[in-house]
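**Q** My structure is below; once you've seen it, I'll send some questions.
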Amino acid sequence: MLGKCRLCGKRANIVKSHIIPKFVYAWLKKSSATGFLRPGDNPNKRVQDGPSYPLYCAECEALFSKYENLFAKKIFYPHMVGKCKTIDYLDDVKRFIIGISWRFLDLCMSDFHTLESGVTIPKNNAHEEWRNYLLNRISVCTPGIYLNLLSDSPNAANEQTKLLWYSYRGTDAALFIPSSKGMFVYIQLPKITIIVSVFPAPTGNVVDTQPSSGEMIDLNSPTLRDDFADFVISRVNILNEGNPSEEHLEKVRRTIRKNRGRFKKSETSKYLSEEYLK
Ligand SMILES: [Zn+2]
């Protein structure tokens, strides 16, 4: 499809892009008990891949892919098996974070996304700065960034299953808008949380600068802590709105019974709620 690329602005063939990178869905499928994905808001549907949208040209897509591949290799895959102990705040990691955050912010500003009622994206946001950084038109880009790698979970108490599933097997992208304190892109990948400040400008009061690890948003600061906890719970609830049907549960149980070896070795077995295991 010929169109205007939303990143470089050139008229070119527009390809379908994922917001959450494809390697995440591939890992979720591979490490699952059934070999399928099930969207949180529609658990009865088995899917092979995550959503994608026609937004960018192949050249820009390749630009995103380059840093996705580096992040997958240096951080994601090692972290999934508990072998990523420290993150060197490399330019590559930052480019991945800005890339995924820009794509989501850009999706929110496109016709493919409807903002929640009452939400508007302020005009002087970071969208243009991030675009110029991704296209190497500027070399410095300084939003507040928060990147957290969750440690592997101990046995979960039953009532926390939904939160655990969301944090360890879920994918999510949303705008986090703590009351009048700014706007952030929030990305949840399995065992990884990314938050990047969109507004106010980078020097805003929610950004703590820690020279050793790059620019960090301190989510434990009293101004953000409570808002963030409420926000995560609201996301967990939104993504658990759909309840799995008995037919779907039985289908999953049958798949598990057929290949108990795969299930035991799978990541799914650590976080699957009891209803799937009867
Ligand atoms: Zn392009």
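The values are calculated or read from the model by the stated rules, or taken from the named source; none is laboratory data. As the structure is a prediction and not an experimental result, all values here were calculated from the model. Cβ atoms come from the backbone with ideal geometry, glycine included; neighbour counts cover every protein chain shown.
**Q** Scan segment 109-136 for residues that are of a type in the set (K, R) and touching a residue at least 40 places away in the same chain (Cβ under 8 Å) and report the count.
**A** Qualifying residue count, segment 109-136: 1.
**Q** Let me ask something additional. Does segment 84-93 contain any residue that is crowded, with 20+ Cβ neighbours inside 10 Å, free of Cβ contacts under 8 Å to residues at least 40 places away in the same chain and more than 16 Å from the ligand (Cβ to nearest atom)?
**A** Scanning segment 84-93, I find no residue that is crowded, with 20+ Cβ neighbours inside 10 Å, free of Cβ contacts under 8 Å to residues at least 40 places away in the same chain and more than 16 Å from the ligand (Cβ to nearest atom), so the answer is no.
**Q** Do any residues in segment 2-30 that are over 30 Å from T255 (Cβ atoms) have Cβ atoms under 6 Å from those of residues that are part of a loop (DSSP other than H, G, I, E, B), where the two are at least six apart or on different chains, and which pairs are they?
**A** The qualifying pairs are A12/C5; I14/M1.
**Q** Taking the condition of being at pLDDT 80 or above, over 24 Å from R131 (Cα atoms) and in contact with a strand residue (DSSP E or B) (Cβ under 9 Å, 6 or more places away or on another chain), how many residues in segment 77-96 meet it?
**A** Count: 2.
**Q** While we're here: Quick check: anything in segment 108-115 part of a helix (DSSP H, G or I) and among the aliphatic types (A, V, I, L, M)?
**A** Checked against the condition, which is being part of a helix (DSSP H, G or I) and among the aliphatic types (A, V, I, L, M), segment 108-115 yields no hits at all.
**Q** Restricting attention to segment 50-70, report how many residues are under 16 Å from S17 (Cβ atoms), hydrophobic (A, V, I, L, M, F, W, C) and either more than 15 Å from the ligand (Cβ to nearest atom) or within 15 Å of the chain's Cα centre (by Cα) (or both).
**A** Result for segment 50-70: 1.
**Q** Report whether or not T203 is exposed (fewer than 14 other Cβ atoms within 10 Å of the Cβ), modelled with pLDDT under 65 and within 28 Å of L107 (Cβ to Cβ).
**A** So T203 fits the description; yes.
**Q** Another question, if that's okay. If you scan segment 133-162, which residues turn out to be modelled with pLDDT of 80 or more and not in a loop (DSSP other than H, G, I, E, B)?
**A** Those that are modelled with pLDDT of 80 or more and not in a loop (DSSP other than H, G, I, E, B): Y133, L134, I145, Y146, L147, N148, L149.
**Q** I've got another one for you. Do you know which residues across segment 1-30 are surrounded by fewer than 17 Cβ atoms within 10 Å (Cβ to Cβ) and under 30 Å from P78 (Cβ atoms)?
**A** Result: K16, K22, A26, K29, K30.
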